[in-house]
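Worksheet: the structure to be examined is printed underneath.
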Amino acid sequence: MAGMTEVIEIDPEHPDPAAIARAAARLRAGGLVAFPTETVYGLGVNALDASAVRRLFEAKGRPANDPLIVHISSVQALDQLVSEVPSIVERLAARFWPGPLTLVLPGSHAVPPEVTASLNTIAVRIPAHPVAHALITAVDLPVAAPSANLFSRPSPTRAAHVIEDLRGRIDMVLDAGETAVGVESTVLDVTTDPPTILRPGAVTPEMLREVLGEVGLVARDGGPMRSPGLLDRHYSPRAPLTLYDGPKAVEALLRDAIAAGASGRRVGLLLASGDLDAAAFSRATRDAGTDDRLIIRELGPELPDVARSLYAALRDLDTARVDLIVARAFSQAEGLGIAIADRLRRAAAGRVVHT
Ligand code: TXA
Ligand code: MG
């Protein structure tokens, strides 16, 4: 679809009903509308309109075998989408909806196969962002929405990221500023016993265990692919990213960055705030003559801050046209650290240096 993409600024807390009504009308007419959720921006389409769904896959350049998440605004709306509501859903919904949790459930035939990539399951969530909630309520239809980025680029956490990737390819963007969580929702398959986390997110394994007792975390490497979106090279910046892990990670990363800079390449550095001894670093780069070739993004100080700014930092480094990115691993044993580690590992697509 080529044409104009209308950008509407909208208050994140108190969305203007007239703007919401326009966006809802676009969706009902089969249009593609990007909107903020608490995780990342989504690219919405009427989930019951097969030809609109096909246009959405085309706009993103997304392979047809990667199923979409259907967004609804109330638990009642589940009934038309699923063939059965497993008993655990009530407790999960009570605790985590609206919020950054997607449930994979037994599908019904009401939803066109384009949405689910012909699987017999369907992924559903109720987002918490007031704009998303208002839009889905106004449109009064289930809204299929992948992240509003071109396939394999980092997910958008600001409207500017959506516009960068999809201007002219979609009908409308609702711009409500930066999203709060910054990484995509936790995807939990409740058709297995015990339920399995297919994609870690802000609803952590620890939080899910409080409700479920036991929960599995799907191994990303080896074994059959459980969720097509779990491809490597997802969420990637254009420049190759190398991840540094272990106790000497920062030291090794800085050494390699300075060496690459000295050989004439532009290097993006993803660090935690507090990693750099600024004086020592500027001395080292001045000695190596690389000052203007090293571009630094500091993430943090806390893990929620890292999650919120990670994708924007990756896009910034691409915009700065770096030739390579070196990134430090963050604490990854638990909580949100698991989701951050997952996204960084995918962005690194196997390039990991253990120190
Ligand atoms: O936070 C989010 O989840 C964002 C916002 C917009 O809601 N959406 C999002 O959608 O990240 P997307 O399409 O980028 O990722 C959807 C993920 C993919 O990994 C996909 O494979 C998985 O959900 N998925 C969808 N349906 C599935 C199913 N029936 N079984 C297993 N995995 C499924
Ligand atoms: Mg995505």
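Residue by residue through segment 282-305, note down the ones that are of a type outside the set (S, T, N, Q) and assigned to a helix (DSSP H, G or I).
Selection gives 283, 284, 286, 287, 288, 291, 292, 293, 303, 304, 305.
Out of segment 1-60, which residues are modelled with pLDDT under 95 and small (Gly, Ala, Ser)?
2, 3, listed by residue number.
If you take the residues of segment 154-195 that are charged (D, E, K, R) and within 13 Å of ligand 1 (Cβ to nearest atom), which of them is surrounded by the fewest Cβ atoms within 10 Å (Cβ to Cβ)?
Out of the qualifying residues, it is 189.
If you go through segment 102-128 one residue at a time, how many are within 21 Å of residue 91 (Cα to Cα) and either not hydroxyl-bearing (Ser, Thr, Tyr) or not assigned by TED's automatic domain parsing to the domain that holds residue 188 (or both)?
12
Does segment 154-181 hold any residues that are within 16 Å of ligand 2 (Cβ to nearest atom) and not basic (Lys, Arg), and which are they?
154, 155, 156, 157, 161, 162, 164, 165, 166, 170, 179, 181
Quick check on my filter: what residues within segment 38-55 are in contact with a helix residue (DSSP H, G or I) (Cβ under 9 Å, 6 or more places away or on another chain) and within 12 Å of ligand 2 (Cβ to nearest atom)?
Listed by number, the residues that qualify are 40, 41, 42, 43.
Just need a number here: residues in segment 124-153 that are over 17 Å from residue 49 (Cα atoms), within 16 Å of ligand 2 (Cβ to nearest atom) and surrounded by 24 or more Cβ atoms within 10 Å (Cβ to Cβ).
Within segment 124-153, residues that are over 17 Å from residue 49 (Cα atoms), within 16 Å of ligand 2 (Cβ to nearest atom) and surrounded by 24 or more Cβ atoms within 10 Å (Cβ to Cβ) number 6.
In segment 21-35, how many are away from ligand 2 (no atom under 15 Å from the Cβ) and not in a loop (DSSP other than H, G, I, E, B)?
9
Please indicate, with yes or no, whether at least one residue in segment 267-281 is under 30 Å from residue 178 (Cβ atoms), in a helix (DSSP H, G or I) and without any contact (Cβ under 8 Å) to a residue 40 or more places away in the chain.
For segment 267-281, residues under 30 Å from residue 178 (Cβ atoms), in a helix (DSSP H, G or I) and without any contact (Cβ under 8 Å) to a residue 40 or more places away in the chain: present.
The values are calculated or read from the model by the stated rules, or taken from the named source; none is laboratory data. Model, not experiment: these values are computed from the prediction. No Cβ is skipped: glycine too gets one built from the backbone with ideal geometry, and neighbour counts run over all protein chains shown.
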